[in-house]
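Read through the structure below, which is laid out as structure tokens, and then see the notes.
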Amino acid sequence: MSGDVRPARPSAGPGLAVPLGRSLLLRLLAVAALVSVCSIAATAWVVVRTTAVAIREEQGKDLAEDTKTYDVLIGYAARHRNWDAVGPTVAALGRTTGHRIVLRDGDRTLADSAPVPGHPYVVSRGPTVVVDPLSVDPQRLPAAARSGGIDPRAVGPYRLSDAESARLLGTAREVVACLRAAGTAARVVLGPSGRPTVRTPAGQRVDSRCEEPALNDPMPSERTALDTLDDLVDSCLARRGLGGVDVLLDGSWQTVRTQSRTPSGPPPDKDVRDCVARGRAEQLRPYVAPAAQLYVSGPGDRTATTFLSLSAPNKLRIAWGAALVLLVTVAVTALAGVRLVRPLRRLTVAAQRMEAGDVSARVEVAGRDEIARLSAAFNAMSRRREQLESARKAMVSDVAHELRTPLSNIRGWLEAVEDGIVPADEKLVASVLEEAVLLQHVIDDLRDLSAADAGELPLATEPLSVADVLAQTAQGHAPRAGAAGVRLVVAADPELTVPADPVRLRQAVGNLVSNAIRHTPPGGTVLLTAAGDLPVPARAWRTAGAATTAGVRIEVSDTGSGIEPEDLPHVFDRFWRAEKSRSRQTGGSGLGLSIVRKLIEAHGGTVEARSTPGAGSTFTLRLPGLPSPPC
């Protein structure tokens, strides 16, 4: 047979090179370059588009002078109700800066630092900036903009009286004297409202021994102003269907709960921040001068021609700067990408080793970044898988051991019958049946554990009398206890009720009783008690508006040999028995206590064991109580 022979495709492996188009490093470089180009283009666009609006002054003049002019006029507007007396201030600013400063209110000129007789000021472009103390330009005065856009010098009704200011000033000086005595330099700063504050170097916190709460509490005049502001803010929030807040002196707020309406949660910060800013502006508006337009131009110029344009050399400088930024970004990203890809490759090799069956695969952890955390998580996963693999092998060995013993006995007896060594009488049938029942018991225990592990253990939960459950369990184990010479005692409050599956709860308690009888010598006692306990959350019974009542504590105590302290943490492990020989004369399958734990956890409860060697053991089951009716 003839035909085309095609070369076999190489299989993927640790050393196989990643295609260039799928390389993480290349994609990282491409994304970095794209981000750099976009950021540079956006920055250039913002600079060109916003510089004219932000500066609005005569070309060649320093931005600091323009900002100073704006700051002085904002401060004047914050302290005065109108612009009637602003003329001397504008004239002084014109002399200081060398600019012509014009302040207008619509078509009316409020002040002109260099008026030309017979030639009124002609507006040909928009104003340099709008002077409004309740809406400060964030680019010129960023500190004021962070206070909701309101200049801090606009205090209005928050201005303290002379008596209030003097009283707080005396308190502030006492705090400063205390701090200085403690070795901390401090000084008193008087705010625009007349409220003093204590300042320490580098913003150090005031020593608790020197704190004076009265220094931060609102004065009567401030309290009145805050009450008015609360009404304005609450009205704004009410129009949005939100609950009210209490605005504090520092501008923060706290949620208010009223008897008439309890909100489902605090109002969103964005809405509160917006309503607080609106309320403050509305409250301060009567105390400040109205907004006015500021025009800044060259001396004697009758028009506002301060638009900034970029020349060809400036544009070339921007282009070269953008290219340099792009080059540096790509270089730095390349170095970072190489350092990023190297540990990822090591992690990939370790993952491929684990996929091949090497559960001991580990990767070196270096640094504290995300890759290091990923490596640490991989190592933890690898260790966990190794532990689970060891546990699986041990469990398979234990299961094989538990099943082999009864099967070997059954086979031995049947072979003896087949060989004619033992007659097939009733005694033999009973012995084989006993081994079969034991084998069925182990299989049933494994099935219950498997269902519990998968979260599929069926529970038919109903209110049960704890005393009845303990009495029925004791009655069912009475013949075995009598044969072993052990006394069963039940002491339970007949009023205790618990939500549980009756079959599963009796199974759990029965396993504990059977275990206690097995390890209690003749003449000993097994005590079953039940009492109220602290509330235990019950997931299965919890409903909206329902609270859980006190839980129930069930204890099974014996006067047997007890458990050694080093063995106590393992009593609930599967196939574990304190008797290392695994003799069935002193121990069961090793699954009973594991099943108890799974059954109680399925009911939302907990189980614990305590023991004193030579004196006996006590196993405690804690179950949640019935839910109380909703209020």
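List the relative contact order of segment 115-205 as a percent without decimals, with contacts defined as Cα pairs under 8 Å and 6+ residues apart.
19 percent.
Let me cross-check Leu388: its accessible surface, 1.4 Å probe, with only protein heavy atoms counted, in Å² to the nearest 10?
Leu388 exposes around 90 Å² with every protein chain in place.
Rolling a 1.4 angstrom probe over the protein chains, ignoring ligands and nucleic acids, what is the accessible area of His570 in square angstrom, nearest 10?
Looks like 80 Å² after rounding.
With a sphere of radius 12 Å drawn around the Cβ of Arg187, what net charge do the other residues whose Cβ falls strictly inside it have (Lys, Arg +1; Asp, Glu -1)?
It works out to a net charge of +3.
Using θ = phi - 60° and the Karplus relation 6.51 cos²θ - 1.76 cosθ + 1.60, list the HN-Hα couplings for segment 501-511 in order, rounded to whole Hz, with x at every Gly or Pro.
7, x, 5, 5, 5, 5, 4, 5, 5, x, 4
Which value in nm describes the separation of the simple spin-label points at Leu344 and Ala483, placed 7 Å from the Cα toward the beta carbon?
Output for this residue pair reads 6.8 nm.
Which order do you get for Asp105, Asp162, Asp66 if you rank them by accessible area with a 1.4 Å probe, largest at the top?
Asp162, Asp105, Asp66
Return the FRET efficiency for the residue pair Ser221, Leu374: r is the Cβ-Cβ distance, R0 is 35 Å, and the value is rounded to the nearest 0.05.
0.05
Once ligands and nucleic acids are excluded and a 1.4 Å probe is used, how much of Arg597 is accessible, expressed in Å² to the nearest 10?
Using a 1.4 Å probe on the heavy atoms, I get roughly 80 Å².
Kindly state, to the nearest 0.05, the FRET efficiency for Val417 paired with Asp358, given R0 = 56 Å and r defined as their beta-carbon distance.
With a Förster radius of 56 Å, E is 0.65.
Assuming R0 = 60 Å, what is the FRET efficiency of Ala92 and Leu26, from their Cβ-Cβ distance, to the nearest 0.05?
Efficiency computed from Cβ-Cβ geometry: 0.45.
Rank His99, His119 by accessible area, highest first, at a 1.4 Å probe radius?
Greatest to least solvent exposure: His119, His99.
The values are calculated or read from the model by the stated rules, or taken from the named source; none is laboratory data. What you see is a predicted model, and the numbers here were worked out from it, not measured in a lab. Reconstructed Cβ throughout: ideal geometry from the backbone, glycine too, with neighbour counts over all protein chains shown. The accessibility values were calculated without ligands, DNA or RNA, using every heavy atom of the protein model including side chains. Shrake-Rupley method; radii C 1.70, N 1.55, O 1.52, S 1.80 Å.
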